[in-house]
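Notes for the one structure printed next.
The values are calculated or read from the model by the stated rules, or taken from the named source; none is laboratory data. In this text the structure is predicted, and so the values were computed from the model without any measurement. Heads up, the Cβs are rebuilt from the backbone with ideal geometry, glycines too, and the neighbour counts pull from every protein chain shown. Remember, those area values only see protein heavy atoms, side chains included, never the ligands or the DNA or RNA. Shrake-Rupley method; radii C 1.70, N 1.55, O 1.52, S 1.80 Å.
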Amino acid sequence: MPVILGIESSCDETSASICADGVILSNVIANQTIHEAYGGVVPELASRVHQQNIVPAVHQSLLNAKIDKNDIDAVAFTRGPGLLGSLLVGVSFAKAFALARNLPLIEINHMQAHVLAHFIDDPKPVFPFLCLTVSGGHTQIVLVKDYFDMEVVGQTTDDAAGEALDKTSKILGLPYPGGPLIDKYARLGNPDAYQFPEPQIPGLNFSFSGLKTAILYFIRDNVKLNPNFVQDNMADICASVEKRVVTILLNKLKKAAQQYNIKDIALAGGVSANTGLRQGLKQLGDEMGWNTFIPQFQYCTDNAAMIAIAGYYKYLKGDFVGQDITPLARMPF
Ligand code: KG4
Ligand code: ZN
């Protein structure tokens, strides 16, 4: 019964998780509120807060799981992609812990781990399946052939979906991260109040920068006519923006499913916490006869449980790395 300690520190969440024989026993996530004032993650501040949080997060993950540190069999950590300074804290902790206790180390690709979050709970998707991974930094349609055999078949050519939502919320004067706030206001508004353009990008790729610019000009023009336009119409603006982002994502996902003739369709990454996207996928899945898979909220945004479960599958293969391992800001599959 292998017990894996998972460590995640690629952006602004410090997270530690214990996975025993493929079952997640704990998933401790320390969020960083320090970035709210800056409208985005400040890398230098993020790595300093990771340094403060990493030991308490691991300690709490052991307590929650009721596991003694002597029972850990391997340490899995996010090697990349992410902010280099943030990754360095998790990688250094994992290496030190493994060195001190003579344990094997397992490197994990953060984007693969978002996909593998689907192997935490039942029902699990069947290979090959398609996974739409949408986060603050990435928008990918991934063809998942096996646990570690994945191919990106579509991706954004500019901004990520989460980035588009975060930048929109900044235009609207909302604090970072804006995705959850757009979600909250969107529930109270009319999604057909305003029409934003759907970019015509060939194949399975995405583009979100044109949408962001369209929103910027729309707000600028309307605020000229009514200085309180944003405050007066916040819910309708958020609902309309969310609707457009969701239709852009789901239209491409539908195209990919038809192209690859696949009916097991999954959603992953921070933006998969979005209520409109979750509902939209379920509805489209019913129409298309898909089996759809959406992780629990705690496994959508950055978390170490997905690192620990990915670590478990690598442990079964004996796929370990040495103490000379270094983090990677960019890390392709
Ligand atoms: O996967 P994640 O936690 O971190 C990255 O790897 O980027 O994703 C963070 C992104 C942010 O853009 C955030 O605004 C977005 O996920 N997000 C949401 C929601 N919760 C988080 N976007 C829309 N609706 C939500 N409920
Ligand atoms: Zn992520």
In the range 164-291 the accessible area split gives carbon plus sulfur, as whole percent at 1.4 Å, a share of 52 percent
Taking protein heavy atoms only, a 1.4 Å probe, and rounding to whole percent, the accessible area of the range 98-137 owed to carbon and sulfur comes out at 53 percent
Set 124/282; 145/263; 124/317; 145/317, cut-off 18 Å on Cα-Cα distance; pairs above it are 124/317
Ranking 9, 59, 245 by how far each Cα lies towards the positive end of the charge dipole of the chain (+1 on Lys and Arg Cβ, -1 on Asp and Glu Cβ), the top one is 245
Taking the reciprocal of mean 1/r across every pair of different Cα atoms in the chain, the Kirkwood radius in Å is 20.4 Å
Compactness summary of the range 193-245: radius of gyration and Dmax from Cα atoms, Å, are 12.5, 40
Filtered hits (aspartates and glutamates, Cα-Cα < 19 Å from residue 252, offset >= 8 within chain) -> 151, 158, 159, 163, 198, 242, 264, 286, 287
For the range 179-333, the per residue accessible area (1.4 Å probe, Å²) is 48 Å²
Rounded to the nearest 500, the 222 nm mean residue ellipticity computed for the chain from DSSP H runs (n ≥ 4, each -39500 (n - 2.57)) alone is -14000 deg cm²/dmol
Note, the range 43-58: 3J(HN,Hα) by Karplus (6.51, -1.76, 1.60, θ = phi - 60°), whole Hz, Gly/Pro = x, goes x, 5, 5, 4, 5, 5, 5, 4, 4, 6, 8, 5, 5, x, 5, 5
Taking the square root of 5λ for each eigenvalue of the C-alpha gyration tensor of the range 255-333, the equivalent ellipsoid has semi-axes, largest first and in whole angstrom, of 31, 16, 13
Checking rank on 59-68, 276-285, 322-331, with mean other Cβ inside 10 Å and highest first, the result is 276-285, 59-68, 322-331
So, with points 7 Å from each Cα along the Cβ direction, the residue 59-residue 198 label distance in nm works out to 5.3 nm
Taking placed amide H atoms and a strict 5 Å upper bound, the residues 5 or more places from residue 25 or on another chain that come that close are 18, 19, 20
Packing-ranked peptide list from 126-137, 40-51, highest mean Cβ count within 10 angstrom first, is 126-137, 40-51
Measuring from its Cα centre, the range 193-333 shows a charge dipole (+1 at each Lys and Arg Cβ, -1 at each Asp and Glu Cβ) which, in debye to the nearest 20, is 240 debye
Given a 1.4 Å probe, the accessible area of the range 1-157 per residue, as a whole number of Å², is 39 Å²
Taking only the alpha-carbon atoms of the range 1-138, the convex hull volume per residue, in cubic angstrom, is 116 Å³
